[in-house]
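The values are calculated or read from the model by the stated rules, or taken from the named source; none is laboratory data. Treat the numbers as computed from the prediction; the structure is a model and nothing was measured. Note that each Cβ is placed from the backbone with ideal geometry, even for glycine, and that neighbours are counted across all protein chains shown.
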Amino acid sequence: MSKTIAVIRGDGIGPEIMEATLRVLETLQLGFQYDFVEAGLAAQEKFGELLPQATLDAITKHRVALKSPLTTPVGEGFSSINVELRKRFDLYANVRPAISFPNTRSRFPEGVDLVTVRENTEGAYIGEGQQVSADGETATLTQKVTRRGSERIVRYAFDLARRTGRKKVTVVHKANILKSTSGLFLKVAREVAAQYPDIACNEMIVDNTCMQLVMRPEQFDVIVTTNLFGDIISDLCAGLVGGLGLAPGANIGADAAIFEAVHGSAPDIAGKGIANPCALLLGAAQMLDHLEFGDEALRLRTAIRATLTTRDRVTPDLGGNGTTDSFADALIERLRA
Ligand code: NAI
Ligand code: MG
């Protein structure tokens, strides 16, 4: 039976990079069917809402979505659609690989190969208790960490390490200061780690982690952490390997998973045909892993790596003079060869 994937073409450069990505996926001949649904500005214009029920239904039904970036209109009353999707489907694991590619703007052209596993539903981002006092002088916020939330994310990180042949999990925290929230996360992480004797585990305080990542990123393999720290660290890691054009992300829950590029809809270059499709392509590779097409995911990543060395085909953000399509074409040629 062929697998159906909910596809959101998105806004700005979204449709351009999605078209390129689907063309490349077609080359792999996995017999995927696509259910095209809308979200973001495109949905707002067509149906008068940013996140139509039909889109939610498609994701519920197919359980896997490939999503291009969405534009969230600026202004009152528009909450981020991405945050909304994470909430609706309880996509608790945000998985962001950061892998160096040759010929890019990576500061470490060889040495970085790590995955950040960020807790995606709790911590400082629950949106509760946000208050500013009447005089505007004092602001407060509630953070929430639960045993269940911590356990499932740390378990996810260790399972991922096992499944993908990674050797070490680094638990990133600030339990020395945030004794309640980060303290509970660390306590639970230690309990979970004890159940994975085959995977090495170390603990690192978040500020030191940032320095260590910049100085010696090769020491990291899998990083697991709470929501706010993970948000910041995963962008830092994207910077280590050459920026947003190469950074994919997966949002994974028990019942659904959404694969995407980390970058936004890049309105400044939309319609010019020069958007770098690599981040979404690498998101598609994560999707292939998730659908248990591990060999094809590896084939795709290897071909992307090789194609990035052809200067005239890569997009301008990576210093090349290619286009979205010329990169996709070169990648397809390589996959067919
Ligand atoms: P952005 O990531 O869209 O753009 C930042 C800069 O990076 C721009 O100069 C852009 O041209 C460049 N860039 C981004 N992706 C690129 C690619 N694939 N190839 C070449 N260059 C690329 O961030 P910005 O401008 O802050 O946000 C624009 C819109 O995107 C906003 O409406 C924002 O809400 C939305 N957004 C959506 C996200 C999502 O759906 N996952 C994530 C981040 C932002
Ligand atoms: Mg972020």
* Being at pLDDT 95 or above, in contact with a Leu (Cβ under 6 Å, 6 or more places away or on another chain) and not in a strand (DSSP E or B), is that true of even one residue in the range 124-138? -> no
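Let's see how each residue does on (1) touching a helix residue (DSSP H, G or I) at 6+ places or on another chain (Cβ under 6 Å); (2) surrounded by fewer than 20 Cβ atoms within 10 Å (Cβ to Cβ):
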{"residue": "153", "(1), (2)": "no, no"}
{"residue": "172", "(1), (2)": "yes, no"}
{"residue": "182", "(1), (2)": "no, no"}
{"residue": "191", "(1), (2)": "no, yes"}
{"residue": "194", "(1), (2)": "no, yes"}
* Structure fact -> Of the residues in the range 11-28, those that are in a helix (DSSP H, G or I) and not polar (S, T, N, Q) come to 14, 15, 16, 17, 18, 19, 20, 22, 23, 24, 25, 26
* Structure fact -> Filter the range 29-41 for residues that are at negative phi and within 22 Å of the chain's Cα centre (by Cα); the one that is surrounded by the most Cβ atoms within 10 Å (Cβ to Cβ) is 39
* To do: Among the candidates 118, 86, single out the residue that is part of a strand (DSSP E or B) and surrounded by 15 or more Cβ atoms within 10 Å (Cβ to Cβ).
  => 118
* Matching residues, the range 250-282, being closer than 16 Å to residue 316 by Cα and part of a helix (DSSP H, G or I) -> 278, 279
* Residue by residue through the range 246-273, note down the ones that are more than 17 Å from residue 8 (Cα to Cα), away from ligand 2 (no atom under 12 Å from the Cβ) and surrounded by 23 or more Cβ atoms within 10 Å (Cβ to Cβ). => 246
* Residue selected from the range 213-243 under the condition away from ligand 2 (no atom under 16 Å from the Cβ) and part of a helix (DSSP H, G or I), by the criterion surrounded by the most Cβ atoms within 10 Å (Cβ to Cβ) -> 217
* Asked: So, in the range 311-325, of the ones that are crowded, with 17+ Cβ neighbours inside 10 Å and assigned to a loop (DSSP other than H, G, I, E, B), which residue ends up farthest from ligand 1 (Cβ to nearest atom)?
  -> 313
